[in-house]
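These notes are about the structure you will find just below.
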Amino acid sequence: MVSISLHNVCLDYPLYGAYDFSLKRRLLGHLIREPGETRIIRAIDNFTIEAEAGARIGLAGPNGSGKSTLLRLIAGVYPLSSGRVTVRGNVVPLLGLNAGVNLDFVAEDNIALLLRISGRKPIRSVIDDIWAFTELEPRMQRLPLRMFSSGMLMRVLFATATAFPADILLLDEWLSVVDEHFAEKAERRLQNLVSQAAIVIIASHDQQLLRRTCSSIITLDHGRIASTIAVEPPATLDLREKRA
């Protein structure tokens with residue numbers, strides 16, 4: 001059964017000499033190691049949540065509140081410092097889509113690499129379908145990604161990341177990663193992914209988006225749960241932002 005369980009989870013970042021900006025430290029920092037200079041930032045603080053199939057959870061809060069960090073912790077990108085995390089189901093994290101990419105590799109090889117990372121076999125027909133979705137010229141498939149514009153790069157990464165359905169979908173400011181011309185097509189594909197996913201967790205500053213989309217909204221403050229509210233379940237999931 002698809003589920004997510006976090007129990008008393010904490011995530012700490014160590015900072016080494018982060019508050020010493022003296023000229024001496026800048027010049028000799030790698031040679032000087034003073035006792036007690038390591039500082040810790042607690043990004044996620046004693047977080048507990050249970051989510052089962054059908055859950056649509058929104059994460060709210062200002063920058064630095066821990067929304068993106070929490071999504072990355074659930075996705076397995078960051079190791080927890082203490083507590084327990086149990087995730088059952090296939091996870092597709094639409095977070096930093098460029099994770100695992102090598103910009104010096106050609107586009108086709110990067111697609112194959114990302115498919116392997118996600119546990120998929122990079123067969124020819126799958127790669128061709130992904131490339132067709134990008135609407136980029138066929139010749140660009142053999143060019144290194146460092147030659148792509150940011151919009152072209154995100155087309156390739158988005159098309160690859162969303163090529164297969166997921167049990168658990170993690171979204172961080174969802175379609176901010178794709179260019180305007182591509183957004184409508186990407187939106188339809190993302191809507192389809194959301195409708196098929198058993199659990200969806202979305203982090204956003206847009207309260208209207210969260211209320212249209214989610215059945216509950218968790219507000220974070222310095223990595224802790226500040227509040228949790230239930231929202232009337234939407235008749236249909238709507239990830240579209242209001243356009244002027």
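A few points about this structure:
- Per-pair calculated FRET efficiency, R0 = 22 Å: V231 and S82 via Cβ, rounded to 0.05: 0.10
- With the simple spin-label model, which puts each label point 7 Å out from Cα in the Cβ direction, the V106 to H205 separation comes to 4.0 nm.
- Look at the alpha carbon pairs under 8 Å that are at least 6 residues apart: their mean separation over the length of the range 3-230 gives a relative contact order of 29 percent.
- Extension gain, R139-E187: 0.36 nm per intervening residue step, less the Cα-Cα distance, totals 14.7 nm.
- Distant-in-sequence amide contacts of A55, defined by a placed amide H-H separation under 5 Å and a gap of 5 or more residues or a different chain, comprise V200.
- Taking the Kirkwood radius as Rh and the Cα radius of gyration as Rg, the range 3-230 has a ratio of Rg/Rh equal to 1.03.
- At R0 = 35 Å, FRET efficiency that the Cβ-Cβ distance of S149 and H222 yields, to 0.05: 0.40
- Each label point was placed 7 Å from the Cα along the Cα-to-Cβ direction; for D128 and H7 their separation is 5.0 nm.
Every number in this text was worked out from the coordinates using simple rules, so none of it is lab data. Note that the structure is predicted; figures quoted are calculated from it, not measured. So basically every Cβ, Gly included, is an ideal-geometry build from the backbone, and we count neighbours across all protein chains shown.
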